[in-house]
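*Asks:* One structure coming up, written as structure tokens, with questions to follow.
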Amino acid sequence: MNSEVSLVAVARIIKPFGLRGEVKLHLLADLKDFLSYKEFLIKEKFFLKRLVPQNIRGQGKIVKFEGYASRDDAEALRGKFLYIKESELLEKNHIDEFYAFELEGLEVMDEVEGIIGKVRELFNLNGRWYLDVEGKKSLLIPFIRPIVNSVDWQKKIIYVHLPDGYVNL
């Protein structure tokens with residue numbers, strides 16, 4: 001029997017916040033999605049541990065979990081990722097919607113340069129989304145409409161139009 005569970009990271013615990021067991025988070029998911037989940041998983045050395053939010057504030061960035069009442073309790077969570085089961089992901093409302101992890105491994109093709117690499121990850125940096133592409137060179141490509149034209153899910157290709165000389169920077 002295969003007991004492997006596919007997990008999706010939705011946040012990273014940055015550090016304790018205050019003295020009552022709260023932690024500060026870096027969200028990896030859309031805020032409205034994050035606030036919809038009633039429990040999360042963290043990876044311990046040999047098992048998964050369930051965390052249930054008791055209180056969420058600060059626009060979803062400060063969380064207190066059941067059973068964590070002190071700063072020392074919260075310190076034990078520092079640096080851990082919060083996961084949800086892939087099977088519990090919220091339904092997408094539109095055909096153009098996707099989860100960031102779904103882009104990982106897709107090829108990136110420029111109109112002029114051809115295939116330039118594969119997506120390592122999609123990440124948010126200061127409020128802007130970037131594709132981290134690994135190929136002959138590592139590239140960060142802004143994930144915005146004038147540059148990213150379309151995603152062909154069947155061919156597993158992201159079509160982009162990069163500015164002249166961008167690949168050679």
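The values are calculated or read from the model by the stated rules, or taken from the named source; none is laboratory data. Just so we're clear, the structure is a prediction, and the values are computed from it rather than from any experiment. Here the Cβ positions follow ideal geometry from the backbone for every residue, glycine too, while neighbour counts run over all protein chains shown.
*Asks:* Please go through the range 137-169 and give me each residue that is under 15 Å from Gly105 (Cα atoms) and among the charged types (D, E, K, R), ordered by number.
*Replies:* Hits for the range 137-169 are Asp152, Lys155, Lys156.
*Asks:* So, one more: So which residues in the range 113-155 are of a type in the set (D, E, K, R), part of a loop (DSSP other than H, G, I, E, B) and exposed (fewer than 14 other Cβ atoms within 10 Å of the Cβ), if there are any at all?
*Replies:* Applying the first criterion (of a type in the set (D, E, K, R)) to the range 113-155 yields 113, 118, 120-121, 128, 132, 134, 136-137, 145, 152, 155.
Okay, now just the ones that are also part of a loop (DSSP other than H, G, I, E, B), so 113, 136-137, 145, 155.
The answer is Lys136, Lys137, Arg145, Lys155.
*Asks:* So, one more: Would you point out which residue out of Leu89, Leu41, Leu48, Leu35 is among the hydrophobic types (A, V, I, L, M, F, W, C), within 30 Å of Ile157 (Cβ to Cβ) and at pLDDT below 90?
*Replies:* Numbers: Leu41 fails: within 30 Å of Ile157 (Cβ to Cβ); Leu48 fails: within 30 Å of Ile157 (Cβ to Cβ); Leu35 fails: within 30 Å of Ile157 (Cβ to Cβ).
It is Leu89.
*Asks:* Modelled with pLDDT of 85 or more and of a type in the set (Val, Ile, Thr): is that true of Val5 in this structure? It would help to see each step written out before you state the result.
*Replies:* Numbers: modelled with pLDDT of 85 or more: no; of a type in the set (Val, Ile, Thr): yes.
So Val5 fails the test.
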